[in-house]
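Participant: My questions will all concern the structure given below.
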Amino acid sequence: MPTTHKVKPSLPNKGQHKLSVLDESQALKPVTAALVFDYRIDETRLAKAIEQLLSLYPFLSGSLRTKPFRIELDQSGIQLVVSKSHQRPSAAFGSNNRITDLRPQLEWTQLNHQRRVLLAVELVHFACGGSGLKVSTIHAVFDARALMHFVSLLAKCFVDGSVPDCSGPSVDRAVVRATGPPEQLLHHNEYRYHIGWFTALFKYLEVLWHAMVVFLVLPRNAFTPREFSVPATACQMIHFTAPQLKALKSVLSKTTSPHAVAQVPYVSTQDCLTALIVALITRARSTRANIGPLVAINTTVNGRTRLDPQIPSNYSGNATLYANSRYPTNMFLWPRDSRVRKEASARGLATIARGIRKSVLGMTPSYCQDAINVLATKNAVVKFPHNLSVDSEFGPDVLVSSWCGSGLMEGIDFGGGRPVYAGPSVLNEDGSIVLLNSCDGKAERGVDVVVCLRPEDAVNFFAELEEEWVKEILELQLE
């Protein structure tokens, strides 16, 4: 049985911690990090390190309040859960398997995130002698990069036995603020829900029908909130080697027309890999009746370096912005005829990759500031979940995040070495993609891609992954 502790700061804190418009825009969207080590982490030292670190993060011991949106410093504390598992994750993550199912390997306790707990830390002791560490919170508290910074400071505090002398977090949320009315309201597709009224009505009726079934038909003991909060998903991790990524980028670069190169002078390896994964997902979803005529991709970007003036790299709030690009669904559905397959797939992927890069390059300081101004404009945006325009869970769209080059793998050490896995815990949001450095912590060795899909789509996804056109594009057999 897991044991739960409340870790509170040694010195009381009173007052309020104001939050930014970006914090509010995706307040309850979860953000998690999971790390697996091949050595044991002592729970007593971990609890002490958390207590010491609260002196740098006083708002973590508060609770979320609205009207106005803020955190009340009320000594709620951080939730620490310690449990045991019979799993042996080091064997799976240390293998050369191309596809790894994260769900059985990370047997985390299902935490009940109460409103009064802003951050939860779970320590799992595995039968092999290793440990797993999972940190869970919401975007009102941290974005992924701020969460990584918190975990890195936690590791230093754990090893040194005291608060590290290095620069702590920047906790002033006022650095992210609106500067006036938006100038390009209709151009911010990342925050504008783009489905038609008929589809919106259908989705509303679908949710209403499920609610009636749950509360009127099923017995009360059959209802658990977690089961009905999100659709069932399958979370998988696929590894792409450095030669495969190099081949992919080379093929897509050679296929691009001079006019496209003039508009977008370059594409990154991540752009090319994202285009391939989104194509596989769209082809897997093409059997659905509600696939839709467009596929939208929201690519997360770090607003810390894109605003002018730049906000501190150790900023502790949510600074996630989104680069939005859209494509006709038919662009992903090239024919299976072997005579035109490779050329059509390469041409389609090259167009998508340059579209992704164009959307990222469009995230200029003025555009990013205007996005914040849009979110600060009352009633300017229809507030669907998380304020994002992508319809990933029930529709055709995709949400892409990259943790590559974040330092999560290289900079975290609890005294026995770097983790054998570092990245998000099991995702539960259909249509989510996360790019990670390989488990050895060296980006040049390849990239791991975590893909979250509905089970029926996941089966089609991996069938597409084994198709000949993928092998032709990569020019190598997938490992």
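Participant: Can you check what the net charge comes to around Gly317, using other residues whose Cβ is under 12 Å from the Cβ of Gly317 (Lys, Arg +1; Asp, Glu -1)? Walk me through the numbers before you get to the answer.
Facilitator: Working: positive: Lys18, Arg145, Arg173, Arg177, Arg304; negative: Asp23, Glu24, Asp143, Asp172.
Net of charged neighbours comes to +1.
Participant: OK, next. From the Cα gyration tensor of segment 273-332, with a ≥ b ≥ c the square roots of its eigenvalues, which class applies: rounded if a/c is under 1.5, or else prolate if a/b is larger than b/c, or else oblate? It would help to have the intermediate numbers written out before the result.
Facilitator: Working: a/c = 3.35, a/b = 3.18, b/c = 1.05.
Note, shape of segment 273-332 comes out prolate.
Participant: A follow-up question, please. FRET efficiency for Asp74 and Ala178, Cβ-Cβ distance as r, R0 = 25 Å, nearest 0.05?
Facilitator: Values: r = 28 Å, r/R0 = 1.12.
Rounded to the nearest 0.05, the efficiency is 0.35.
Participant: Could you go through segment 64-72 in sequence order and give the Karplus-derived ³J(HN,Hα) for each residue, using 6.51 cos²θ - 1.76 cosθ + 1.60 with θ = phi - 60°, rounded to whole Hz, and x for Gly and Pro?
Facilitator: Listing the rounded values in order: 7, 9, 10, 6, x, 6, 6, 10, 8 Hz.
Participant: Of Lys18, Lys134, Lys156, which has the most accessible area and how do the rest follow, probe 1.4 Å? Mind showing how you got there, number by number?
Facilitator: On the way: Lys18 155, Lys134 30, Lys156 85 Å².
Largest to smallest exposure gives the sequence Lys18, Lys156, Lys134.
Participant: For the full complex of protein chains and a 1.4 angstrom probe, list Lys6, Lys67 by accessible area with the highest value first. Show your work: numbers first, answer last.
Facilitator: Details: Lys6 110, Lys67 195 Å².
Largest to smallest exposure gives the sequence Lys67, Lys6.
Participant: Which pairs in the list Lys14/Lys134; Lys14/Lys156; Lys249/Lys471 are over 18 Å apart, alpha-carbon to alpha-carbon? Provide the component values of the computation, followed by the final result.
Facilitator: Details: Lys14/Lys134 28 Å; Lys14/Lys156 27 Å; Lys249/Lys471 14 Å.
As for pairs spanning more than 18 Å Cα to Cα, those are Lys14/Lys134; Lys14/Lys156.
Participant: So, one more: Give me the number: length gained by fully extending Val163 to Lys67, i.e. 0.36 nm times residue separation minus the C-alpha to C-alpha distance, one decimal in nm. Intermediate values should be presented prior to the final figure.
Facilitator: Details: separation 96, 0.36 × 96 = 34.56 nm, distance 3.42 nm.
Extra length from Val163 to Lys67 when fully extended: 31.1 nm.
Participant: Pull up all non-local amide H partners of Asp74: gap of 5 or more, or a different chain, and H-to-H distance under 5 Å with H placed in the peptide plane.
Facilitator: Amide H neighbours of Asp74, under 5 Å, 5+ apart: Gly62, Ser63.
Participant: Please arrange Lys254, Lys48 by accessible surface area, largest first, computed with a 1.4 Å probe and ligands excluded.
Facilitator: The ordering from most to least exposed comes out as Lys254, Lys48.
Participant: Quick one: Karplus J couplings for segment 363-372, per residue in order, coefficients 6.51, -1.76, 1.60, θ = phi - 60°, nearest Hz, x for Gly and Pro?
Facilitator: With the stated coefficients, segment 363-372 comes to 7, 6, x, 5, 5, 5, 5, 5, 4, 5 Hz.
Participant: Net charge within 12 Å of Thr287 by Cβ-Cβ distance, Lys/Arg positive one each and Asp/Glu negative one each, not counting Thr287 itself?
Facilitator: Details: positive: Arg283, Arg285, Arg288, Arg454; negative: Glu456, Asp457, Glu464.
Residues close to Thr287 contribute a combined charge of +1.
The values are calculated or read from the model by the stated rules, or taken from the named source; none is laboratory data. Since the structure is predicted, the reported quantities are computational estimates derived from the model, not experimental observations. Please note: Cβ atoms are built from the backbone with ideal geometry, for glycine as well, and neighbour counts cover all protein chains shown. Ligands, DNA and RNA are excluded from the accessible area calculation, which covers all protein heavy atoms including side chains. Shrake-Rupley method; radii C 1.70, N 1.55, O 1.52, S 1.80 Å.
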